[in-house]
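The values are calculated or read from the model by the stated rules, or taken from the named source; none is laboratory data. Note that the structure is a prediction, hence the values are computed from the model and not measured. Glycine also receives a Cβ, built like all others from the backbone with ideal geometry; neighbour counts cover every protein chain displayed.
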Amino acid sequence: MEATDTLLWEIDEEARRLEGCSLEEILTWGAQRFQHSALACSFGAEDVVLVDAIVHEQLPIDIFYLDTQLLFKETYQTRDRLAQRYGRTFLSFQPRISLGEQAAQFGDRLWERRPDQCCALRKVEPLRRALQGRQMWITGIRREQAPTRARARVVEWDAKNGLVKLNPLAAWTSKEVWDRIVARRIPYNPLHDLNYPSIGCWPCTTPVQPGEDLRAGRWRGTGKIECGIHQ
């Protein structure tokens, strides 16, 4: 989709208007305004809240996930619990090469030596395929999560992928997310109860200690804090 001046102006205006709106109002606006929309779901706390709201409001929004083939078993279990609870099918997008092929081409345990390249192969490229033909994608980004997300707007133009990006939870706090999960009894990843506030691939995710940043457990010791899909 081409970013015309009119579209960019509309996005800017709607970002201001939607800032104080409810999650349901933001999602409904996005679904009505843009066709072929989808939620990129990691099955973390923010995303299960979004799944619940999309199903509850009966919105025509697809839900997909990036199956890196390195997800925690608890993540797959959460996917299955959500599918059973809401009767939804989650679209799976996998890397073009298997872990064995990746090791043969780039060496074993690429995530330890060149994590950016591993993420590019196993997350960024599959995301591009997942977003092909879509006008808008929805994320669980919150400003509180990391400095790289502190300026996220409720709706913005994603120049990298060429479509609108909706961040309905941008202004939410962690407490608000968990209050919603508890109130609506939404299934969630049990790793959250073991000090994993942000959950990615198992080789690159560790528990977070008290006082640490919410994403401190991702790629610990590398200086890397984003996989590349939101950069």
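Points worth noting:
- Selection status of Gly217, modelled with pLDDT under 95 and on the phi > 0 side of the Ramachandran plot: no
Listed here are the residues, each with its yes/no results for (1) touching a residue at least 60 places away in the same chain (Cβ under 8 Å); (2) under 15 Å from Leu91 (Cβ atoms).
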{"position": "Glu13", "(1), (2)": "no, no"}
{"position": "Arg16", "(1), (2)": "no, no"}
{"position": "Gln32", "(1), (2)": "no, no"}
{"position": "Ala45", "(1), (2)": "yes, no"}
{"position": "Pro60", "(1), (2)": "no, yes"}
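- Among residues of segment 83-96 that are free of Cβ contacts under 8 Å to residues at least 24 places away in the same chain and under 13 Å from Ile54 (Cβ atoms), none has a Cβ under 6 angstrom from a residue that is among the aromatic types (Phe, Trp, Tyr) and not in a loop (DSSP other than H, G, I, E, B) at a sequence gap of 6+ or on a separate chain.
- Among residues of segment 156-192 being touching a Gly at 6+ places or on another chain (Cβ under 7 Å) and among the aliphatic types (A, V, I, L, M), the one that is farthest from Gln35 (Cα to Cα) is Leu169.
Residue by residue, here is whether (1) surrounded by fewer than 13 Cβ atoms within 10 Å (Cβ to Cβ); (2) of a type in the set (Lys, Arg); (3) under 22 Å from Ala171 (Cβ atoms) holds:
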| position | (1), (2), (3) |
| --- | --- |
| Gln35 | yes, no, no |
| Cys41 | no, no, yes |
| Val48 | no, no, yes |
| Glu57 | no, no, yes |
| Ser92 | yes, no, no |
| Arg96 | yes, yes, no |
| Leu110 | no, no, no |
| Arg122 | no, yes, no |
| Glu125 | no, no, no |
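- Residue in segment 92-99 that is assigned to a loop (DSSP other than H, G, I, E, B), among the aliphatic types (A, V, I, L, M) and out of contact with any Lys or Arg (no Cβ under 8 Å at 6 or more places or on another chain) present: yes
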